[in-house]
Amino acid sequence: LGGDEFAVIIKKFSNHEDLSHICNRVLNALDKSFKIEDKEIFISASIGVAIYPHDGSNVNTLFKNSDLAMYKAKSEGKNKYSLFSQEMNQDLKNKINLENNIRRALKNNEFELYYQPKIDIKEDKIIGVESLLRWKNNEGKYIPPSHFIPIAENSGFILDIDRWVFMQACLQIERWEKLGMKDQKISVNISGLHFKRGHIINTITEISNILKIPSGQIEIEITEGVFLEKIEDVILTLEKLRSMGISISIDDFGTGYSSLGYLKKLPIDRIKIDKSFVDNIVTNYKDKGIVQTIITMTKLLNLKVIAEGVETIEQLETLNQIGCYEIQGFYFAKPMPVEEYNKFFKDFKPKK
């Protein structure tokens, strides 16, 4: 049907269990690695199933509905199969439509970056910003990241989005330099898919051939899920990134698969304590204890630590008392367009 799409026609089966068995046999067969020129290759499949005549009385309808079922399988994490049902029809049509809109947004430059400052309350200064993706569509409506990021992840468009964000961060640092806003540091969120597919070094090398990547001023934020697969390969990738003058931060720390066993050997620079621990740090002694443990651990490993999602003076004071001085959250500022951030930077006065 296409470069990576195939159709299978099954004539004889008794029930849905037979179909499930056949689909699992296909998935299991494709799950085995194979070699091309001494390189081990892994592939996976997403299978959509439509049954005649229940799901369509002609070829076009059956193809359309099996395609919808395939998108459903992809949305559940790939390497899965899904049987078509009328209930999924509208939902999947919406997802396909959103996918197409993401493609258009990349082409028409509808994405923009907002910036949320990070404050060192001990030194009373701004130490950097986190760049956060925003999408204002062609109708002038903002689409929430929680709505489109999962679709971008499943479709692979997140790779193009990450590339765009990284380039914009580098360009923005150049603009700030011209405005006299020296030594600005930007953190950029990079999808685990970039690491899973092994594209991140090539992507950043390609960008470095187009424009200057400011050494020491770009930080990549990754989640703990990146380390679930091929951790040794990930470590080599992180070491390469750091050799390019890029620092590494683990985002949402404490919500994933943390362990001292792997943390002590990771080439990282900073840990960001997840908002879920900060929310109740004043009233919940367990959350406070977890945060204290993370702070102690980072000091032992000679890492920096920052708390995100700080919204109240009580949270700020508690974090200050237990030794976390890098702060990010609504207490100081919400994410804002670049013009607002420029004004915030120039007007900034320590807020204790």
Matching residues, the stretch 87-134, being in contact with an Asp or Glu (Cβ under 6 Å, 6 or more places away or on another chain) and either over 20 Å from VAL305 (Cα atoms) or of a type in the set (Ser, Thr, Tyr) (or both):
LEU106, ARG134
Answer with yes or no whether GLY289 is small (Gly, Ala, Ser) and either in contact with a His (Cβ under 9 Å, 6 or more places away or on another chain) or free of Cβ contacts under 8 Å to residues at least 12 places away in the same chain (or both).
yes
One residue is enough: does the stretch 193-210 have a residue meeting the conditions under 21 Å from VAL165 (Cα atoms), aliphatic (A, V, I, L, M) and not in a helix (DSSP H, G or I)?
yes
Hey, does the stretch 145-155 have a residue that's closer than 15 Å to LYS107 by Cα and assigned to a helix (DSSP H, G or I)?
yes
Of (1) surrounded by fewer than 12 Cβ atoms within 10 Å (Cβ to Cβ); (2) over 30 Å from the mean Cα position of the chain (by Cα), ASN97 satisfies all except one. Which?
(2)
Can you find, within the stretch 15-24, the residue that is modelled with the lowest pLDDT among those that are surrounded by 10 or more Cβ atoms within 10 Å (Cβ to Cβ) and of a type outside the set (A, V, I, L, M, F, W, C)?
HIS16
Residue, nearest to ILE127 (Cα to Cα), within the stretch 297-327, restricted to residues that are exposed (fewer than 14 other Cβ atoms within 10 Å of the Cβ), touching a residue at least 12 places away in the same chain (Cβ under 8 Å) and not hydrophobic (A, V, I, L, M, F, W, C):
LYS299
Looking at (1) more than 30 Å from LYS230 (Cβ to Cβ); (2) touching a strand residue (DSSP E or B) at 6+ places or on another chain (Cβ under 6 Å), which is the only condition TYR81 fails?
(1)
From the list LYS64, LYS12, pick out the single residue that is surrounded by 10 or more Cβ atoms within 10 Å (Cβ to Cβ) and among the basic types (Lys, Arg).
LYS64
For the stretch 128-149, what are the residues that are over 17 Å from ASP251 (Cα atoms) and surrounded by 13 or more Cβ atoms within 10 Å (Cβ to Cβ)?
ARG134, TRP135, LYS136, ASN137, ILE143, PHE148
Tell me which residues, restricted to the stretch 92-121, are among the charged types (D, E, K, R) and without any contact (Cβ under 8 Å) to a residue 12 or more places away in the chain.
LYS107
Could you grab the pairs with beta carbons closer than 9 Å, sequence gap of 6+ or different chains, first residue in the stretch 55-80 and free of Cβ contacts under 8 Å to residues at least 24 places away in the same chain, second one among the β-branched types (Val, Ile, Thr) and in a helix (DSSP H, G or I)?
ASP67/ILE96
Applying the selection to the stretch 118-127, what residues are surrounded by fewer than 19 Cβ atoms within 10 Å (Cβ to Cβ) and within 21 Å of PHE166 (Cβ to Cβ)?
ILE127
Here the residues within the stretch 28-50 that are assigned to a loop (DSSP other than H, G, I, E, B), acidic (Asp, Glu) and loosely packed, with under 10 Cβ neighbours inside 10 Å are GLU37, ASP38
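The values are calculated or read from the model by the stated rules, or taken from the named source; none is laboratory data. The model shown is predicted, which means the values in this text are computed figures rather than measured ones. Glycine also receives a Cβ, built like all others from the backbone with ideal geometry; neighbour counts cover every protein chain displayed.
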